[in-house]
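Only the coordinates and a few stated rules stand behind these numbers; no lab work does. What you see is a predicted model, and the numbers here were worked out from it, not measured in a lab. Counting neighbours? That spans all protein chains shown, and the Cβs are built from the backbone with ideal geometry, glycine included.
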Amino acid sequence: MAEKITDETTMDRISQLPERIIHDIMSLLPIKDLNRFSTVSSRFFSAYHSSPIIDFDFEAFTNQSTNSFLGFVASKLSRRRLLMNNISDTTTACNLQRLSFVGPVTNTNLVDEMVSFADDNKIKELNLHVKSDSVSCQLSNRIFSFNCITSLKIKGLELDCEYLILCCPSIRELSFGHCSALRKIELKATELKHPPHIEINLNNQKYSLKYLELIMTSRINVDDEWFRDNVSVCNLLETLKLEGCKQLKNVYMESDNLKTLELKNCAGLNNVDVMAPNLETFVLLHGTWLEHRRCKINIGNSMNLKHLKLSSVEVTDQWFKDNLYLFHYLEDLELEACNKLEEINIYDTVHLRSFKLLECRDLTKFEIDAPKLASLVYKGKILPSFPVVKACWLDAKLFFNERAGPIDIRHRLLFKEFLVSFGHCKTLFIDCTSEELIYPKTIREIMVSPLYGLKHLKEELKALRRSIVELIEGLLWFVPHPETISLMSRNSQVKSLRFHYNTSVKVEDEFCCKKGFIQCWRHSVTDVEMENFKDGHEKSSVLNFLIENTMTNVNVICV
């Protein structure tokens, strides 16, 4: 009985596994471990040389000699050819999945051999990453017509053409790196079974081009004729991204499949006419304020639009009014440098979750009624008409342009009225000068705190011209009953104050509380946690301020 147990426990059970399972195990091993694995037994050696995945990585090669590495690669390919030639079953012979090479070469012969090997054995994934500064290797164009290949990644190899015709019927993914000769790509749409994802790197700049997604540079000549002949006719197009196509003036798309359309830095655009009922994302972005375009946009047919971003586009109030109500499912809206917009009214947008309104120069007013709005970002000037924002659970960020002149009473009134609309926010972040947040005591005594319902305030610390105690005192007037106040700086840790209250205390006779409709922090605070304040004068001055300005025996904890 004991002998039987010994035999069972010493049995090499892994060797008894089907070869397919052993291949799966091997696919999870690093190359160094894989090489050791192959020397354990004849079964593992056989499985290693029949694996559907062949990876060569110079960095993982035990002997860091280039000649030894290249000899190993050539030997492995030769051995595998012999193995495949001896297999009569064509199904098994075509079972190779991936060939990957990452390392140096001394001439183009080995590259040609790997390409031929991939073609002869109907490899589905081919990755060639040549790391040789002194040797220039060219790649034959025939690789772009292989029938079985689904993924082709090329880096460090020169293409002997400027005009690439991609007609691999099974291609799904194609990437180029440092292929400087390439200028144009033609996709044979009628011959492709699947939409390939294509990445291009020209002169170390990375772009992505997909049969569904096409991002180009100004070095690639994309004009109206090219777009009409090569893109508009692609009825299977789902995602199209054009970037830097400065000669493109008109974009016309009619497709039931198009879901994403992004046009970035196409400075010559005059017309965008899209008939795509299933479009979900539309982005039109001109690079700088110098490239503002009066571009005619027609996307009203896109009833399922969820994401809309317009930047440096001269859309008008009327366009916004005529189109927004059509987008019933809109979730994300971003308007940047749309300088023709003066008033924005957003109502009945029950799905809107994110809204960004950035640097719209002529804007005077905006109103939003969106019950599901969770994020709002505003960047620009203090508006002459205070905004109206109706949202239940909102994180808001306000970035105000720095005021050039002195801060007078009119500016303080406008600033206060602007902030009133954000008193219901879950969290409010304010980026402005500290002077704008420090109101004189005479003004504080006659005004109601604008953010008396806010619990969490974050302030970006810039050039602090007043003491930090004056800033905190000013913030505690804006937010009289906070739970947290955070002072954020790019050069240091976040300074924070966390307040804890005795909720049973009711003070109604104090003028500060009666005027603000809510009990202020002085009367019910029990504990304050100070975090990341500098030792010395900064910490002691803040601590003394908190103790001296409370009506309770406050416990201040320095973390």
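Over 29 Å between C-alpha atoms is what I'm after, so list which of 131/309; 390/458; 122/155; 249/306 land there.
Pairs exceeding 29 Å: 131/309.
Once the Cβ-Cβ distance between residue 393 and residue 131 is put in as r, and R0 is 51 Å, what FRET efficiency do you end up with, to the nearest 0.05?
That gives a FRET efficiency of 0.45.
Take the Cβ-Cβ distance between residue 558 and residue 490 as r, set R0 to 22 Å, and report the resulting FRET efficiency rounded to the nearest 0.05. Please report the intermediate quantities before stating the final value.
Details: r = 24 Å, r/R0 = 1.07.
With R0 = 22 Å, the Cβ-Cβ based efficiency is 0.40.
Separation between the residue 67 and residue 140 pseudo-spin-labels, each 7 Å from Cα along Cα→Cβ, expressed in nm?
Taking the simple label geometry, residue 67 and residue 140 are separated by 2.8 nm.
Run the numbers for residue 441 and residue 347: contour at 0.36 nm per residue of separation, minus the present Cα-Cα distance, in nm.
Net length gain for the segment: 30.0 nm.
Could I have the simple spin-label model distance between residue 469 and residue 504, label points 7 Å from Cα toward Cβ, reported in nm to one decimal?
3.4 nm
Sorted from largest down, give the three principal axis spans of the alpha carbons of the range 245-335, whole angstrom values.
33, 26, 19
Give the long-range amide H neighbours of residue 429: residues separated by 5 or more places, or on another chain, with amide H under 5 Å away, using H modelled in the peptide plane at 1.01 Å from N.
396, 397, 398, 458
Applying 1/(1 + (r/R0)^6) with R0 = 45 Å to the Cβ-Cβ distance of residue 275 and residue 120, what FRET efficiency is obtained, to the nearest 0.05?
That gives a FRET efficiency of 0.45.
Using 0.36 nm per residue, how much length does the chain from residue 76 to residue 535 gain when fully extended, once their Cα-Cα distance is taken away?
158.7 nm
Using a basic spin-label model with each label point 7 Å from the Cα along Cα→Cβ, how many nm lie between residue 544 and residue 448?
Label at residue 544, label at residue 448, 3.6 nm between them.
Going down the list 340/441; 296/356; 264/416; 340/495, which pairs span over 32 Å between their C-alpha atoms?
Values: 340/441 40 Å; 296/356 22 Å; 264/416 37 Å; 340/495 40 Å.
In this structure, 340/441; 264/416; 340/495 lie more than 32 Å apart at Cα.
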